[in-house]
Structures are given as structure tokens and as C-alpha cells.
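Notes follow once the structure below has been shown.
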Amino acid sequence: MLLGACGSAGPAAGATTPLPSSGPREQLTIMAVGDSITAGAEYYRPILIDLLAQERCRVDFVGSMMDGDANARDPEHEGHAGYRADELAGELVQWAVAAEPDAVLLFVGINDLLQGQTPTTTALDIETLVSRLHSADPRVRIFIGLLAPLAEHETEVAELNRSLVDLVDQLNRSTRTATVVAVDLSEGFEPGVHLSSDGVHPNPEGSALMARAWFDAYFKTLGDRSCDPLDS
């Protein structure tokens, strides 16, 4: 589910909204930022790339990191295993200036909670991340992923997600920057079904759910600029 300033829902899973077929499509650059779930080629990114390709979206993933397989399709990212939001904030502007992304997929907060930080502190660190991104480029479109349920930390995750929705509403009341989008990665996600045995990382089914949520958010927000689906 995609949540904006008004909390409106995005396209249902497995469905896309037809787009106008006239006019050229832009190639937009996407920077996926986060921890090991962003870094790992076994998680959501390759599935998301496939979904975007299926809808003929002209995108290029960018970043200073690369999958271990140099032959992987569009392997660049900014996933840094073990990183908290405050650690990402220390380097994010440098990465963004170098990569010049049109859109950022930001998924962070799990390591923060696992390392004992409070949801309030974590939300403030994520706010700092967004502020620094917009200081580098006010036009960049930022998608903030709400955390899926985390084994033994469901209360903290729910509190952090509420704070992130409030943050998105607050940011979107400003007209100085591009709209920020909250992406509900928890919809349909069940810890006992969609988490791997470590209770932290998604299994293949959980990764597919995450990829679909990211795709729906991107397609609804930027699809008219970069996608040319076959059924349009």
C-alpha cells in the first residue's frame, strides 16, 4: 500500500493503472538506500527490477555499491549491511551528489531497533536523512519504506511506522521539495510466513511482497514519466 499526505491507497497487488501511451518516456535513476535487505541480491531489488522491466519502465539503478555478480542486471545500490539511519546520514549526501538520483527508495530502521534505539530516536534520524537528501537536491522523489513486522519487536515497529507516516505528512505540507511517499511494506506481511529463520530478513515470499509494494508506489507516482506498459 502506498500512503501519501492523505493516506490514500495505491494500486492493488498485481494490478497497475493504465498510463497514457503518447509522449516519450524519460529514463529515471533510482537509488535504493538501506541495510542488508537492500544490499542482498536475494531480497527485493532483483524482483523489483523485473517488475519494472515487465511494465517497460525506463529506469537505471545507481549507487556506489554493486552486487557480487557483476553480470547481474542493474546491480548498483546503496545497501550497507548493519547500518542504522544515523550511519547512513553521515554518507548519504556524498552518495546522492555522485549518483544524482531522480528517486530514492529508503528502507532503514531495523538495525536501529535491534541495537536498542527507540522508535522516536530512529524516526528523528530518518528525518535527518530525508532533510539531507533534499538539501542536496530538493527535486528528488523520496519513497520511505515502512517496516514489515519484526519478530519480537512488533510493538516498536508499529510505533516507528506511525511516526514515519506522520513525518511524511509533515514533509508534504512544505512546498519547497518534491513529494515524499510512504510505502507500506507491512501489508500482507506475516512474520511467521514471510521472514527467514533469523527472524529479521525476508524469505523469498516476503521479498516478493516488498518488491510489489515498492513497484506499486513507483508506478503510481512516477510511472507516467518513465513507464510504457503493454496494456496502455
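Please treat every number below as a calculation from the coordinates, not as lab data. In this text, all values refer to a predicted model and were calculated from it rather than measured experimentally. Glycine also receives a Cβ, built like all others from the backbone with ideal geometry; neighbour counts cover every protein chain displayed.
The GNM of the chain, with springs linking C-alpha atoms under 10 angstrom apart, assigns the highest mean-square fluctuation among Ser186, Ser135, Ser174 to Ser174. In the list (1) 25, 20, 18; (2) 36, 18, 14; (3) 31, 22, 15, the label attached to semi-axes √(5λ) of the Cα gyration tensor in Å as derived from the coordinates here is (1). Per residue, the average separation of C-alpha pairs within less than 8 Å and at least 6 apart gives the chain a relative contact order of 31 percent. If the segment from Val93 to Arg25 were pulled out straight at 0.36 nm per residue, it would be longer than the present Cα-Cα gap by 21.7 nm. Contact order, relative form, for the range 123-182: 45 percent (alpha carbon pairs under 8 Å, 6 or more residues apart, mean separation divided by residue count). Each of Arg132 and Asp198 was given a label point 7 Å from its Cα along the Cα-to-Cβ line. The distance between the two points is 2.4 nm. Using a cutoff of 8 angstrom between alpha carbon atoms and counting only pairs six or more residues apart, the relative contact order for the range 174-232 works out to 29 percent.
With each run of n ≥ 4 DSSP H residues scored as -39500 (n - 2.57), what mean residue ellipticity at 222 nm is computed for the chain after dividing by its residue count and rounding to the nearest 500 deg cm²/dmol?
Values: 9 runs with 97 residues, N = 232.
Calculated from helices alone, the mean residue ellipticity at 222 nm is -12500 deg cm²/dmol.
Once you list every other residue whose beta carbon is under 12 Å from the beta carbon of Phe189, what net charge do they have if Lys and Arg are +1 and Asp and Glu are -1? Local net charge: -4. Need one word for the range 65-176: rounded, prolate or oblate. Basis is the Cα gyration tensor (sqrt eigenvalues a ≥ b ≥ c); a/c below 1.5 gives rounded, then a/b vs b/c decides. The shape class here is oblate. When the trypsin sites (Lys or Arg not before Pro) in the range 94-159 are filtered for DSSP coil states and for at most 10 other beta-carbon atoms within 10 Å of their beta-carbon, the remaining sites are Arg139. Note that the range 43-55 has calculated 3J(HN,Hα) couplings of 9, 6, 4, x, 5, 4, 4, 5, 4, 5, 5, 4, 9 Hz, one per residue in order, obtained from phi through the Karplus relation 6.51 cos²θ - 1.76 cosθ + 1.60 (θ = phi - 60°); glycine and proline are x. Can you tell me what share of the DSSP beta bridges in the chain is antiparallel? A percent to the nearest 5 is fine. Around 25 percent of the beta bridges assigned by DSSP in the chain are antiparallel ones.
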